[in-house]
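Worksheet: one structure, shown below.
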Amino acid sequence: MVVPSSNFESYGNYMWRNGQKINLEKSLDRFTVMPSNSEQLDKIKSAPGIKGISPITNQVYKVETSMTERDSAMSALRSEAFRAVAHHAYLLEGAEGTVFYLTNKIIVRFEAGAELAVINSLFNKYSLKLVREYENNAYLVQVTTNSGENPIKIANRLMEEEEVISAEPNIVNRFQTMFIPPDPLFRQQWHLDAHSGPQLISEASVMAPTAWDITRGERSVIVAVLDDGFDLGHPDFKGENKIVFPKDYIDGDASPFPDSQLGNYHGTPCAGVAIAESNGRGVVGIAHGCAFMPVRCPLQLDDNLLIEIFEEVGKQANVISCSWGPPPAFAPLSKAVSDKLAYLANSGGPHGKGCVICVAAGNFNAPINDPLNSGGFIWLNPGLGIQQTTTGPILNGFAAHPDVITVAASTSLNKHAAYSNWGPEVNICAPSDNSHPLDPQKFVPGRTIWTTDNERFGIGFAPNSRYTGYFGGTSSATPLVAGVAALVLSVNPELTAVEVKEILQLTADKIVDSDPDIIFNTNRGQYDSAERCDWFGFGKVNAARAVAEAQKRRSSP
């Protein structure tokens with residue numbers, strides 16, 4: 001509620017802000033008060049015409065009143081009975097949603113050559129108390145009762161003094177709190193926004209809300225998830241233009257739903273980590289504003305089919321997430337597949353700027369590339385629940401490809417996930433769960449990941465539920481990094497895939513973990529001169545820093 005600016009006194013219907021004159025209107029239903037102590041604050045709450053009072057800062061309080069009672073309430077608070085400092089709240093003329101709250105101070109800057117006598121004279125003229133001196137001949141001063149007018153009017157009078165460069169009321173800057181999704185399970189998604197608690201430290205998350213203040217993802221950015229199937233009836237996969245270019249390379253159609261008889265359970269939670277829609281239900285994905293390209297593919301496929309899948313997906317997707325790979329064995333890529341990945345990473349994608357290809361490092365606490373493996377390597381086969389041994393060289397050709405982003409896992413305690421594969425090929429890590437690499441029944445500290453789950457189709461992690469809190473592995477870390485890459489492209493679509501990879505690595509958090517590996521009793525968490533290590537690559541992905549860096553690199557319009 002405002003009054004017309006024509007009713008304002010001289011000097012009171014505008015203020016200056018960084019050289020811009022801003023026209024103002026007084027709010028009719030609120031004003032501010034600055035009580036001198038808690039006793040005065042309690043007394044103010046019972047004053048006539050006061051409907052409510054709440055803090056804006058620890059010194060300035062917003063007072064809610066009504067159009068008919070505002071003036072009398074302000075007069076009462078300024079009277080001898082209360083002796084409180086009260087100021088009008090101001091609105092931007094002719095606009096809604098912008099409110100300016102005053103303190104009792106002004107920041108005034110003088111000409112470089114202004115003499116001290118002149119400065120003192122003006123402070124005395126307007127009865128201003130010096131509070132603080134800044135650089136460049138600027139001062140913070142406080143309006144007193146002897147000033148006779150509020151800070152806006154005094155500041156505007158100062159602006160007309162010859163020696164003054166600028167005079168601005170010291171208004172309260174109100175920054176919106178970080179976007180918090182309305183989805184009820186978001187509070188459980190510590191990997192997005194962590195607060196210290198049992199088996200959890202606040203530094204373990206990717207700082208998603210800070211990134212979301214810049215972008216929540218654009219529908220024009222497409223994240224393709226290649227996996228065993230997706231419950232496309234899930235409410236967190238719905239939304240206008242949410243699902244694009246669906247493809248099923250098992251059934252040969254455009255309905256990539258999972259099949260319970262085939263044990264499909266993996267794709268739905270992977271996709272949720274990356275792109276689950278923020279809709280007030282369930283969980284939320286890191287890049288919830290981006291589009292989702294669900295691609296169902298067999299996990300046993302020949303070179304030709306692998307090339308075909310990447311070739312077709314790479315024409316549409318900006319980011320590709322692959323939460324799968326070989327067991328600890330010798331699995332080099334063919335040159336044709338390797339060349340296809342290199343081409344896509346550098347020249348693929350809908351704009352020819354390259355696809356960001358994110359690949360899981362694997363969950364065997366194994367080296368990604370060990371050409372010797374002289375002593376043999378023992379690993380747990382999760383499908384059979386038994387330990388197996390690999391002798392001879394170990395190579396995950398997919399994760400070792402120089403043009404992909406190979407993703408390891410960290411924990412809710414900001415440490416190496418005990419199962420996460422390692423080596424010089426790791427580019428980055430992301431928060432996930434923790435488990436013993438050889439015995440799932442053994443205790444290791446760390447929380448698990450909340451995400452989407454199958455209910456009507458496939459096998460779920462949490463039976464008869466659309467959501468699960470039991471997901472993890474590098475299968476979860478990988479789509480999280482893919483989602484952050486999508487946010488980076490959302491804020492700066494001019495970036496190439498190579499530049500996105502560079503940004504993710506440059507802005508990663510350097511996790512410090514001095515604990516030894518629980519199997520090998522070694523530590524691979526020490527960063528070398530290139531600022532990378534075998535456990536974490538260049539560190540843990542930081543969505544806030546990555547998005548800010550991408551925004552900084554955006555060319556001016």
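The values are calculated or read from the model by the stated rules, or taken from the named source; none is laboratory data. Since this is a predicted model, take the numbers as computed values, not measurements. All Cβ positions, even for glycine, are placed from backbone atoms using ideal geometry, and neighbour counts span all protein chains on display.
Some notes on this structure:
- Single unsatisfied condition, ILE154 versus (1) assigned to a helix (DSSP H, G or I); (2) farther than 23 Å from TYR61 by Cα: (2)
- The residues of the range 48-88 that are surrounded by 20 or more Cβ atoms within 10 Å (Cβ to Cβ), small (Gly, Ala, Ser) and at pLDDT below 90, listed by number, are ALA84, ALA86.
- Yes/no for LEU333 being surrounded by 17 or more Cβ atoms within 10 Å (Cβ to Cβ) and either of a type in the set (Ser, Thr, Tyr) or modelled with pLDDT under 95 (or both): yes
- The listed residue being assigned by TED's automatic domain parsing to the domain that holds VAL356, polar (S, T, N, Q) and surrounded by 15 or more Cβ atoms within 10 Å (Cβ to Cβ), out of ASN241, ASN264: ASN264
- Residue within the range 382-397 that is among the aliphatic types (A, V, I, L, M), within 23 Å of PHE471 (Cα to Cα) and surrounded by 17 or more Cβ atoms within 10 Å (Cβ to Cβ) present: no
- Filtered residue count, the range 91-118, keeping only those that are at pLDDT 90 or above and outside any loop (DSSP other than H, G, I, E, B): 9
- Across the range 303-353, the number of residues qualifying as assigned to a helix (DSSP H, G or I) and of a type outside the set (S, T, N, Q) comes to 22.
- Only one of THR448, THR474, THR452 that is out of contact with any Asp or Glu (no Cβ under 8 Å at 6 or more places or on another chain), in the same structural domain as VAL283 (by TED's automatic domain parsing), at negative phi and modelled with pLDDT of 95 or more: THR474
- Of all residue pairs spaced 6 or more apart or on separate chains, those with beta-carbon atoms under 7 Å, a first member in the range 298-321 that is farther than 23 Å from ILE243 by Cα and a second member that is surrounded by fewer than 17 Cβ atoms within 10 Å (Cβ to Cβ) and of a type in the set (Ser, Thr, Tyr) are ASP303/SER334.
- The lone exception for LEU226 - which of (1) surrounded by 15 or more Cβ atoms within 10 Å (Cβ to Cβ); (2) without any contact (Cβ under 8 Å) to a residue 24 or more places away in the chain it fails: (2)
- Matching residues in the range 183-236 - criterion: being of a type in the set (Gly, Ala, Ser), in contact with a Pro (Cβ under 9 Å, 6 or more places away or on another chain) and in a loop (DSSP other than H, G, I, E, B): ALA194, SER205, SER220, GLY229
- Residue that is in contact (Cβ under 8 Å) with a residue 12 or more places away in the chain and within 30 Å of LYS43 (Cβ to Cβ), where the choices are VAL131, VAL108: VAL131
- Set side by side, the residues ASN346, ASN414, ASN373 differ, and just one is surrounded by fewer than 24 Cβ atoms within 10 Å (Cβ to Cβ), on the phi > 0 side of the Ramachandran plot and assigned by TED's automatic domain parsing to the domain that holds GLY469, which is ASN414.
- Any hit, the range 294-302, residues being modelled with pLDDT of 95 or more, among the basic types (Lys, Arg) and either more than 25 Å from TRP450 (Cβ to Cβ) or assigned to a loop (DSSP other than H, G, I, E, B) (or both): no
- Close Cβ contacts (under 6 Å, 6 or more residues apart or on different chains) running from residues in the range 434-459 that are under 14 Å from GLY473 (Cα atoms) to residues that are of a type in the set (Val, Ile, Thr) and assigned to a loop (DSSP other than H, G, I, E, B) comprise ASN434/THR411; ASN434/VAL444; HIS436/VAL444; GLY446/THR411; TRP450/VAL283; THR451/VAL283.
- If you filter the range 157-177 down to residues that are polar (S, T, N, Q) and in a loop (DSSP other than H, G, I, E, B), you find that the one that is modelled with the highest pLDDT is ASN170.
- Scanning the range 237-266 for residues that are touching a helix residue (DSSP H, G or I) at 6+ places or on another chain (Cβ under 9 Å), closer than 18 Å to ASN279 by Cβ and part of a loop (DSSP other than H, G, I, E, B) yields LYS242, VAL244.
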